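Following: one structure in structure tokens, then a few remarks.
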Ligand code: HEM
């Protein structure tokens with residue numbers, strides 16, 4: 001037999017033997033159930049068709065609430081039950097407090113030194129402390145609440161003046177909600193607004209908008225090189241080049257913010273109560289220049305901007321979609337606001353905590369469509385056990401939050417949008433059944449800010465305008481996105497007009 005014939009005869013047999021042996025060893029070592037076969041090099045990548053969340057839920061029905069995948073070179077644990085999630089974020093919380101090192105985190109996360117992508121350790125702990133205490137604490141958020149109120153009122157004014165007479169007008173919600181959120185965040189971070197009237201010098205605004213557009217394409221885009229290192233090593237990697245370029249643009253802009261503020265910073269601003277985030281960080285730098293380097297400050301500002309905007313925007317868009325499909329809920333929310341706030345003044349941030357039904361709507365939206373359906377991927381730093389199975393170190397953890405939050409074992413009629421189920425909500429009682437912000441050490445530090453701004457913006461839209469669907473058909477609530485994020489597949493378009501009872505007030509904004 002010549003070599004070529006031998007090769008073609010024995011290769012399939014050897015491959016099959018290799019895959020069977022591997023599967024048996026996997027079982028012997030008590031690893032979690034896993035689909036057969038694991039194909040050399042690509043592992044289970046062949047299984048991952050979009051939509052990813054649905055695919056992983058189907059696999060969980062076959063292999064159980066804790067199963068194992070090998071995505072190229074990466075071992076992955078997928079968890080879809082309350083008890084397994086609880087084990088990951090209680091007894092194994094420190095172990096899973098790492099993040100996988102994805103390529104975009106190398107460039108956009110300052111070489112894995114950002115709060116979102118940094119490994120668990122002293123540097124990350126310190127960034128979390130600064131973010132939670134100095135920037136996102138209730139006290140600090142309260143000091144900057146006027147920014148959020150201003151921006152929401154500006155949006156109400158913009159929507160109002162685009163309406164003529166009392167006719168319905170068409171609105172694409174995502175662009176206006178994104179502008180709102182970017183203005184809120186850039187004003188809170190650096191005292192600048194880049195969209196609409198009185199925005200920063202137009203050249204800089206244009207550059208900022210370009211960066212945002214490029215980031216939205218690259219962040220969250222799946223990169224084969226993250227799973228198949230061979231692609232990253234040997235193939236000319238276009239993605240890496242693009243990320244490097246984008247990082248340079250973002251870094252340049254953030255450096256400009258720092259330089260402008262450093263020139264302005266004075267003893268007065270150190271004392272001022274409503275300091276922007278950058279001023280707080282620069283005053284920390286004055287005290288400890290070796291630790292609070294420009295790079296640390298830039299990485300923190302950009303991470304908060306990145307983490308805070310699309311999550312809040314997508315949540316608001318989902319909430320509006322569900323309200324359009326449930327006119328009774330919309331009416332009930334309007335009545336609650338009219339009774340609590342009256343029609344003589346606009347809703348304020350402090351009102352949000354007095355509007356329980358509005359908060360139920362937001363929580364129900366996040367239950368049905370969490371914008372991070374698997375949280376942000378975690379990674380284990382040592383060997384451990386989850387639900388009795390062995391999980392090796394450096395395993396990526398995906399918690400299928402969307403599946404848990406829509407599981408009929410935990411939620412009655414999970415497919416029905418019913419905000420009332422959150423009446424009397426107590427986070428401690430709901431536990432791991434509802435975790436759109438994650439839980440444990442790596443849980444979202446921006447939850448307080450998110451609930452404030454989403455509540456204020458949504459409440460104002462409901463208070464000021466009547467809303468309707470474009471036609472008789474229900475709004476399509478299919479999920480889109482690359483897998484780890486979950487925006488609406490079809491951007492939301494709706495009809496709106498000012499409420500007659502609000503006309504006087506709207507004319508005065
Ligand atoms: C509706 C809005 C939001 C949702 C649904 C949301 C959700 C999440 C989720 C699921 C995670 C990952 C948790 C985990 O890995 O276990 C996360 C992390 C994070 N979020 Fe949010 N978030 C929102 C808004 C915000 C805002 C407004 C900010 C700040 C401005 C923020 C800052 C962060 C940061 C810094 C992290 C990384 C934490 C770490 O790795 O230590 N988020 N968020």
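Residue count for region 115-137, restricted to those that are under 17 Å from residue 189 (Cα atoms), more than 8 Å from the ligand (Cβ to nearest atom) and assigned to a loop (DSSP other than H, G, I, E, B): 1. The one condition from (1) surrounded by fewer than 21 Cβ atoms within 10 Å (Cβ to Cβ); (2) within 16 Å of the ligand (Cβ to nearest atom); (3) closer than 25 Å to residue 162 by Cβ that residue 491 does not meet is (2). Cβ-Cβ contacts under 6 Å between residues 6 or more apart (or on different chains), taken from a first residue in region 131-152 that is more than 17 Å from residue 352 (Cα to Cα) to a second residue that is modelled with pLDDT under 95 and surrounded by 14 or more Cβ atoms within 10 Å (Cβ to Cβ), are listed as 134/280; 135/277. Residue check: is residue 24 out of contact with any strand residue (DSSP E or B) (no Cβ under 9 Å at 6 or more places or on another chain), modelled with pLDDT under 95, more than 21 Å from residue 373 (Cβ to Cβ) and in a loop (DSSP other than H, G, I, E, B)? No; evaluated as a whole, the condition is false for this residue.
Inside region 468-487, can you point out the residues that are out of contact with any helix residue (DSSP H, G or I) (no Cβ under 6 Å at 6 or more places or on another chain) and either more than 16 Å from the ligand (Cβ to nearest atom) or at pLDDT 95 or above (or both)? If the condition is that a residue be out of contact with any helix residue (DSSP H, G or I) (no Cβ under 6 Å at 6 or more places or on another chain) and either more than 16 Å from the ligand (Cβ to nearest atom) or at pLDDT 95 or above (or both), then 468, 470, 471, 472, 473, 476, 478, 480 are the ones that fit.
Which one of these is away from the ligand (no atom under 13 Å from the Cβ) and within 30 Å of residue 65 (Cα to Cα): 103, 159, 173?
Testing whether each residue is away from the ligand (no atom under 13 Å from the Cβ) and within 30 Å of residue 65 (Cα to Cα) leaves just 103.
Residues in region 367-385 that are within 16 Å of the ligand (Cβ to nearest atom) and either assigned to a loop (DSSP other than H, G, I, E, B) or touching a strand residue (DSSP E or B) at 6+ places or on another chain (Cβ under 6 Å) (or both): 369, 370, 371, 372, 374, 375, 376, 377, 378, 379, 380, 381. The set of residues in region 431-453 being touching a residue at least 24 places away in the same chain (Cβ under 8 Å) and more than 6 Å from the ligand (Cβ to nearest atom) consists of 431, 432, 433, 434, 435, 439, 440, 441, 448, 451, 452, 453. Only one of the numbered conditions (1) surrounded by 21 or more Cβ atoms within 10 Å (Cβ to Cβ); (2) under 21 Å from the mean Cα position of the chain (by Cα); (3) away from the ligand (no atom under 12 Å from the Cβ) is not met by residue 461, and that is (2). Is it true that residue 294 is closer than 29 Å to residue 109 by Cβ, free of Cβ contacts under 8 Å to residues at least 60 places away in the same chain and within 26 Å of the chain's Cα centre (by Cα)? Yes; evaluated as a whole, the condition is true for this residue. For residue 347, indicate whether it is at pLDDT 95 or above and assigned to a helix (DSSP H, G or I). Considered against the rule, which asks whether it is at pLDDT 95 or above and assigned to a helix (DSSP H, G or I), residue 347 comes out as no.
The values are calculated or read from the model by the stated rules, or taken from the named source; none is laboratory data. Keep in mind that this is a model prediction, so the values were computed, not measured. All Cβ positions, glycine included, derive from the backbone under ideal geometry; neighbour counts span all protein chains shown.
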